[in-house]
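So the structure is just underneath, and the comments pick up after that.
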Amino acid sequence: SFFKKGVGRRSQILLAKSPLGPFVPAADPFTPLGWDCLDATLYVENGTPYSVFCHEWVQITDGSMEVVRLKEDLRGTIGQPKTLFHASDAPWVRSHSYDGKFDGYITDGPYLRKLQSGKLLMIWSSCTTDSAYAVGMSVSDSGEICGPWRHMESPLFAANGGHACLFEYGDKLLMSLHQPNIISSERPRFYELRECCDHLEIKGLFNMEE
């Protein structure tokens, strides 16, 4: 995601031949002009690439999670974005004050994982009752990215950390996130997870140095 004065924040795909770069834009930003967007995440379903991204709550008050189909070479989109859900749809989400000016509902950091049950899980971040940053879970029982999506009653992680992603480390499923959600104080944390039918559970803090 990039911000340009007079244009706003948009998401753009960069490509490189190596993880070391150099990275160059694949095409112009793919999120709609005039929308403030961030945290675009790539997901491939049956060979078709999609991006799930956030339409910023600071622009629309109740932040949304959007999906758009990408071209096979990732150099543009096919069709228009579709709204998957809004932040306030999740029962654990509460409003958060921005700079003392207004309250709104945050959507941040989507990440998707196909569960062994065939259901599709999305983890994403917002604020809880005490305004602590948290990681919640939403599930598509159809296993498809367009849903419909239902939301877990309680967040997966609610100790003022978030913007999580999942990865496999040997035979373990881990979640990385930043904590606390305080500018200049964020540090990476890693947690080992267990996978259930339609959700994840935290087994405990994981030390990457072990």
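The values are calculated or read from the model by the stated rules, or taken from the named source; none is laboratory data. Here the structure is a predicted model, which is why all the values come from computation and not from measurement. In this analysis, Cβ positions are derived from the backbone assuming ideal geometry, glycine residues included, and neighbour counts consider all displayed protein chains. Side chains are part of the model used for accessible areas, which takes the heavy atoms of the whole protein and leaves out ligands, DNA and RNA. Shrake-Rupley method; radii C 1.70, N 1.55, O 1.52, S 1.80 Å.
Summary of values
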item	result
Size-normalised alpha-carbon gyration radius of the range 92-145, reference 2.2 N^0.38 Å	1.36
Accessible solvent surface per residue of the range 5-149, calculated while the other protein chains remain in place, 1.4 angstrom probe, Å²	48 Å²
Inter-label distance, nm, simple model (7 Å from Cα along the C-beta direction), V44/I60	2.8 nm
Label-point gap, in nm, between C146 and D89 - each point 7 angstrom along Cα→Cβ	1.4 nm
Unit Cα scatterers, Debye sum, the range 1-74: log10 I(q)/I(0) for q = 0.18 Å⁻¹	-0.75
Candidates per trypsin sites (Lys or Arg not before Pro) in the range 4-84, loop by DSSP, up to 12 other Cβ within 10 Å	K5, K17
Net charge dipole size for the range 63-178 [Lys, Arg +1 and Asp, Glu -1 on Cβ; Debye, nearest 20]	220 debye
Principal axis dimensions, the range 31-103 - Cα atoms, whole angstrom, descending	43, 27, 16
³J(HN,Hα), Karplus 6.51/-1.76/1.60, whole Hz, each residue of the range 26-31, x for Gly, Pro	6, 5, 4, x, 9, 7
Simple label model, 7 Å out from Cα along Cβ direction - E153 to D28, nm	4.8 nm
Span from the the range 114-165 Cα centroid across to the the range 46-105 one, whole angstrom	13 Å
Karplus-derived 3J(HN,Hα), 6.51/-1.76/1.60, for each residue of the range 86-97, Hz, glycine and proline x	10, 4, 5, 5, 7, x, 8, 7, 10, 5, 9, 7
Residues D130 and E209, FRET efficiency given R0 of 41 Å [Cβ-Cβ distance, rounded to 0.05]	0.85
Residues whose placed amide H lies under 5 Å from that of T107, excluding near-sequence neighbours	W57, G63
GNM top mover of C197, C37, C127 - the chain, alpha-carbon springs below 10 Å	C197
Accessible surface of the range 15-119 [probe 1.4 Å, protein heavy atoms]: carbon and sulfur percent	48 percent
Under the Karplus curve 6.51 cos²θ - 1.76 cosθ + 1.60, θ = phi - 60°, whole-Hz ³J(HN,Hα) for the range 150-164, x wherever Gly or Pro sits	10, 10, 5, 5, 10, x, 6, 9, 9, 9, 6, x, x, 6, 8
